[in-house]
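K.L.:
Please read through the structure below; I'll follow up with questions.
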Ligand SMILES: Cc1ncc(C[n+]2csc(CCOP(=O)(O)OP(=O)(O)O)c2C)c(N)n1
Ligand SMILES: [Mg+2]
């Protein structure tokens, strides 16, 4: 008779109790940073916030399968939990949102939510949705040309999956068998536009077949399921077997951003029901059932996270503001004496570009 594996699910996946508690802590921390930034936005300290609440399970789990300092990430604007799992600290995230001069993402130049960090192998994103997906494919292509053992991961929404860049990126990655993991975080809405107005056929994962790669659907509330899919995709990429598309079905617990109100375009009952699919209590329940998470542990993790966010926001707020002299840094190779533009530009004689 075949022996039944009685180990908890995480152990079967090669994760220790400390690993899964670390994943849970990372989710709590990302949520707490996110919530703190909403308060800072409402207090007028942050211009804009675009939240990752509801996406934390898929983000922590898929990023957990990547190697810090080796692999690369091309995130999107909801990637708070992913970028933190990849190495960004709570203070890095808050500093970027406050647009302080020493912000690791851009020195305070990018919009809030435009995560990046050279020390962490995270490339900064552009505001047009989907451009980062091409960047990830380029990184993977570069690694392949150099013979480096590098996997690139990128994240994007289901609305974005209808952009032309996604087709180009996935087709190119499929043709060349590149080591890329495409993670589509499907939260059912592109701002106020529901899935059926964005995705013909209703499935993002099904499109993978057209690009010659596996398309895997995972429940974003099932953290270990997301990890298993990412781990397999990572192994596949490293074996030279090419890219994978993971469609993580997540919930957007907040409005699209601090600039809209989802009660205007979603049924209140639908908004209320979202809480049932919040990945944080779902993972907590699983860890409790596995005997890993206790009341005491939960309490101490939450206290640690609260202290970390308090320290991070205090230190981030104390960082220096950019000055007028900083304006040309990271824009031109040489500082511009007197602060003029580098090359006087005459739109007519230059051909009007
Ligand atoms: C090319 C382009 N078109 C439109 C926008 C405006 N915009 C910003 S986010 C967004 C919704 C994207 O939805 P989805 O891809 O599902 O991601 P989600 O925000 O739901 O996570 C849109 C339309 C943009 N930034 N870039
Ligand atoms: Mg969406």
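The values are calculated or read from the model by the stated rules, or taken from the named source; none is laboratory data. Quick caveat, the model's predicted, so the values are computed rather than measured. We place every Cβ from the backbone using ideal geometry, glycine too, and count neighbours over all the protein chains shown.
K.L.:
Is it true that residue 197 is surrounded by fewer than 16 Cβ atoms within 10 Å (Cβ to Cβ) and either within 15 Å of ligand 2 (Cβ to nearest atom) or farther than 26 Å from residue 147 by Cα (or both)?
P.N.:
So residue 197 fits the description; yes.
K.L.:
Just to be sure, is residue 23 under 30 Å from residue 147 (Cα atoms), more than 16 Å from ligand 2 (Cβ to nearest atom) and within 19 Å of the chain's Cα centre (by Cα)?
P.N.:
Criteria not met by residue 23.
K.L.:
Taking the criterion of being farther than 21 Å from residue 316 by Cβ and either part of a loop (DSSP other than H, G, I, E, B) or touching a residue at least 40 places away in the same chain (Cβ under 8 Å) (or both), would at least one residue in the stretch 42-55 satisfy it?
P.N.:
Yes, the conditions are met somewhere in the stretch 42-55.
K.L.:
Of all the residues that make up the stretch 166-187, how many are touching a strand residue (DSSP E or B) at 6+ places or on another chain (Cβ under 9 Å) and more than 17 Å from residue 78 (Cβ to Cβ)?
P.N.:
Of the residues in the stretch 166-187, 6 are touching a strand residue (DSSP E or B) at 6+ places or on another chain (Cβ under 9 Å) and more than 17 Å from residue 78 (Cβ to Cβ).
K.L.:
While we're on this one: How about the stretch 56-74: which of its residues are closer than 23 Å to residue 274 by Cα and either within 16 Å of ligand 1 (Cβ to nearest atom) or in a loop (DSSP other than H, G, I, E, B) (or both)?
P.N.:
Selection gives 56, 57, 58, 59, 62.
K.L.:
Test each condition in (1) free of Cβ contacts under 8 Å to residues at least 40 places away in the same chain; (2) buried (at least 19 other Cβ atoms within 10 Å of the Cβ); (3) at negative phi; (4) within 16 Å of ligand 2 (Cβ to nearest atom) for residue 104 and report the one that comes out false.
P.N.:
Unmet for residue 104, out of (1) free of Cβ contacts under 8 Å to residues at least 40 places away in the same chain; (2) buried (at least 19 other Cβ atoms within 10 Å of the Cβ); (3) at negative phi; (4) within 16 Å of ligand 2 (Cβ to nearest atom): (4).
K.L.:
Working carefully through the options 230, 208, 237, 248, find the one that is within 12 Å of ligand 2 (Cβ to nearest atom) and modelled with pLDDT of 95 or more.
P.N.:
248
K.L.:
Right, something else. Output the number of the condition that residue 202 fails; it satisfies all remaining conditions of (1) modelled with pLDDT under 95; (2) assigned to a strand (DSSP E or B).
P.N.:
(2)
K.L.:
Looking at (1) more than 12 Å from ligand 1 (Cβ to nearest atom); (2) under 22 Å from residue 137 (Cα atoms); (3) in contact with a strand residue (DSSP E or B) (Cβ under 9 Å, 6 or more places away or on another chain), which is the only condition residue 210 fails?
P.N.:
(3)
K.L.:
Still on this structure: Being outside any helix (DSSP H, G or I) and over 14 Å from residue 31 (Cα atoms) is the filter here; which residues of the stretch 81-97 pass it?
P.N.:
86, 87, 88
K.L.:
Looking only at the stretch 114-143, which residues are touching a helix residue (DSSP H, G or I) at 6+ places or on another chain (Cβ under 8 Å), away from ligand 1 (no atom under 16 Å from the Cβ) and modelled with pLDDT of 95 or more?
P.N.:
120, 122, 123, 137, 140, 141
K.L.:
Moving to a separate point now. Output the residue which, of all residues in the stretch 154-164 that are in a helix (DSSP H, G or I) and within 16 Å of ligand 2 (Cβ to nearest atom), is surrounded by the most Cβ atoms within 10 Å (Cβ to Cβ).
P.N.:
161
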